[in-house]
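Shown next, in structure tokens, is the structure this report addresses.
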Amino acid sequence: MKLLYLLSGALLSMTGMSYPFLSADNFSPVPLPPPENWLAGPRLFPQNVIAGFHADYDKYNAKSWSEYVEKKCKEFHACTSTHSFSAINSGTPKDRYWFGYVFRGGPTTPDDYQRSWDPQSAVKDSIALTINEEDDGNNIMRLQTELK
């Protein structure tokens, strides 16, 4: 089934279409245990970062910020995972902001993340999402429909 993903990805990149398998039901949370003070580990950050985002802390909550970052991920053909969190800005001002990253590199597991115990950054509200690789039987149908 992985061959299907590779072939369809190559075909879609040639035709300029978006990745058909990236839909809301194809992303699931990475099971990161509490507390939610996780950061992307070295397999993801910085080498597999596609894009990064930030926002004022009072504009979102953990769920709505994660949804925003997931939406941004779906704009990139190669995006296979997201990570969103809040932290104290390392620059100035020293306020809490939302940060989010979208990554390539395939599905992620808890092993792709590491805890941040740094009191200066005070990471919290971490949510990581990853693409599901399972074939639900509809992947080829979605591809055929999008190619019509």
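Taken residue by residue, segment 115-127 has no member that is among the β-branched types (Val, Ile, Thr), under 15 Å from residue 30 (Cβ atoms), at pLDDT 95 or above and out of contact with any Asp or Glu (no Cβ under 9 Å at 6 or more places or on another chain).
Quick one: how many residues across segment 38-74 are more than 11 Å from the chain's Cα centre (by Cα) and more than 21 Å from residue 111 (Cβ to Cβ)? So the count comes out to 13.
Residues of segment 43-53 that are touching a strand residue (DSSP E or B) at 6+ places or on another chain (Cβ under 8 Å) and either of a type outside the set (S, T, N, Q) or at pLDDT below 95 (or both): 44, 45, 49, 50, 51, 52, 53. What residue, among those in segment 75-91 that are assigned to a strand (DSSP E or B) and β-branched (Val, Ile, Thr), is farthest from the chain's Cα centre (by Cα)? That would be 88. With respect to residue 51, determine if the residue is part of a strand (DSSP E or B), surrounded by fewer than 20 Cβ atoms within 10 Å (Cβ to Cβ), touching a Phe, Trp or Tyr at 6+ places or on another chain (Cβ under 6 Å) and touching a residue at least 40 places away in the same chain (Cβ under 8 Å). The answer is no for residue 51. The one condition from (1) of a type in the set (A, V, I, L, M, F, W, C); (2) modelled with pLDDT under 95; (3) surrounded by 12 or more Cβ atoms within 10 Å (Cβ to Cβ) that residue 6 does not meet is (3). The test for being at pLDDT 95 or above and in a loop (DSSP other than H, G, I, E, B) does not hold for residue 67. Inspection of segment 78-85 identifies at least one residue that is surrounded by 22 or more Cβ atoms within 10 Å (Cβ to Cβ) and within 19 Å of residue 120 (Cα to Cα).
Restricting attention to segment 92-130, the residues being part of a loop (DSSP other than H, G, I, E, B) and either within 12 Å of the chain's Cα centre (by Cα) or on the phi < 0 side of the Ramachandran plot (or both) number 17.
The values are calculated or read from the model by the stated rules, or taken from the named source; none is laboratory data. Please read these numbers as outputs of a predicted model, since none were measured by experiment. Glycine also receives a Cβ, built like all others from the backbone with ideal geometry; neighbour counts cover every protein chain displayed.
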